1. What's the tally of Lys pairs in the protein assembly as shown whose alpha-carbon atoms lie under 22 angstrom apart, where the two lysines are 8 or more places apart or on different chains?
2. Using a basic spin-label model with each label point 7 Å from the Cα along Cα→Cβ, how many nm lie between A:Ser69 and A:Ala134?
3. Using only the Cα atoms, what convex hull volume per residue in Å³ does chain B have?
4. Which whole-number percent is the relative contact order of chain A (Cα, under 8 Å, 6+ apart)?
5. Over the protein assembly as shown, with the other protein chains present, what is the accessible area per residue in square angstrom, probe 1.4 angstrom?
6. When you look at the Cβ of every residue in B:115-121, what mean number of other chain Cβ atoms sits within 10 Å?
7. How well do other chains shield peptide A:42-48, expressed as the mean number of their Cβ atoms within 10 Å of each residue Cβ?
8. In nm, what does the list of distances from B:Gly50 to its counterparts in the other copies look like, shortest first, when each label sits 7 Å along Cα to Cβ?
Number of protein chains: 2
Amino acid sequence: MPHPKAHAAALMASPEDAETQFYEAVRDGDLDRLMAVWADDDEVVCVHPGGSRVVGPQAVRAAFEALLSSGAIVVHPEHVKRVHAMGSAVHSVLERIDVLTADGPRTGWIVATNVYVKTSEGWRMVAHHASPGAPDEIPEITDTPSVLH
Amino acid sequence: MPHPKAHAAALMASPEDAETQFYEAVRDGDLDRLMAVWADDDEVVCVHPGGSRVVGPQAVRAAFEALLSSGAIVVHPEHVKRVHAMGSAVHSVLERIDVLTADGPRTGWIVATNVYVKTSEGWRMVAHHASPGAPDEIPEITDTPSVLH
C-alpha cells in the first residue's frame, strides 16, 4: 500500500525512523517523502555511487529526481553499524539492491554512510555518501578474527 | 620536518584539529599518528575509494597500513563543507591528490565524508568514506545558480 501524503510530515523521532523513511521513499519513488528526511541546511551533502559531490537541498533534490526517473529502486538497508553521539548518529549501511536481469534475479551491494542530526523538528539526514560495493559478495572487512585469519 | 612522536597524544580540541592531524599523518605516512585520530569504538567505519567497508579500529589500521605501504600520499583537503551539531561534525572534503606521472604532474580528486565526535579526550574520527571523483574537474554540483544554469 502506498504511503499517504500525510506521512511526509510525520515526526522522525529517532535516527532509525529517519532511515526507515529514507529507504521506503526510495523504494516507493516518492521524492517529496524522501526530501522530507533531509535537514534544511545549505551544506547537506549527497554522493551517489560513482558521482560528484552534491551540495544543498535543491541540488540534492535534483540528483534524486534524476536517480528515480527510471523508476523506484528495490533497495534494502542491511548490516547497519551505528555510532550514536549526543544529537547525532552515523549509520554505515550495506544497501542490498535487487535487480532482474536477462540472466535472472541478481543482488548488488552499495556501501553507504548516512549521517543524521537531531533538530527541533526531529531527526534529519545531513549526509548520504554511497559507493559501489562488490556485485555478489558482502563488501565488508571487520575486526572479527574469523575474517582476518 | 617529521612530527615528533609526542604529537601523537596531542589534544584534538576541535573537528578541524582532528582533520588537520588526519591529513598530515597521511602525507607523512605516519600510521600511529593517523590512528590516534580515530575513536576507540568497535563500529568506526572506513571506506577507501572503490573499496569494501572496513569496520573496527584494527581493521581500519590494517587498511591504512596497506594504503601507505607504497609511501606517503600527497593529499590536501579542499572545499570543505561543514555541518556541525552538538558534539559531532560532518565534513565533506574534496581531497586533492598530486601525482607525478610519465606525462608530468597531474591532479586527481577524491570525494570524502569525514565524521567526528567529541569524546572526553577531544575530537575523534568515527567515519571516513572516500570515493573517486573526476580526474581533473572539481567533482561538485551545488545549489549555486551559476553551476546549475
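The values are calculated or read from the model by the stated rules, or taken from the named source; none is laboratory data. Worth saying up front: this structure is predicted, and the values here are computed from it rather than measured. A quick note on method: Cβ atoms are made from the backbone with ideal geometry, for glycine too, and the neighbour counts reach across all protein chains shown. We work out accessible area using only protein heavy atoms, side chains counted, and drop any ligands, DNA or RNA first. Shrake-Rupley method; radii C 1.70, N 1.55, O 1.52, S 1.80 Å.
1. 5
2. 3.4 nm
3. 135 Å³
4. Reported as a whole number, the value is 23 percent.
5. The answer is 47 Å² per residue.
6. Taking all residues of B:115-121 together, the mean is 3.
7. Across the residues of A:42-48, the mean count of other-chain Cβ atoms within 10 Å is 6.
8. 1.4
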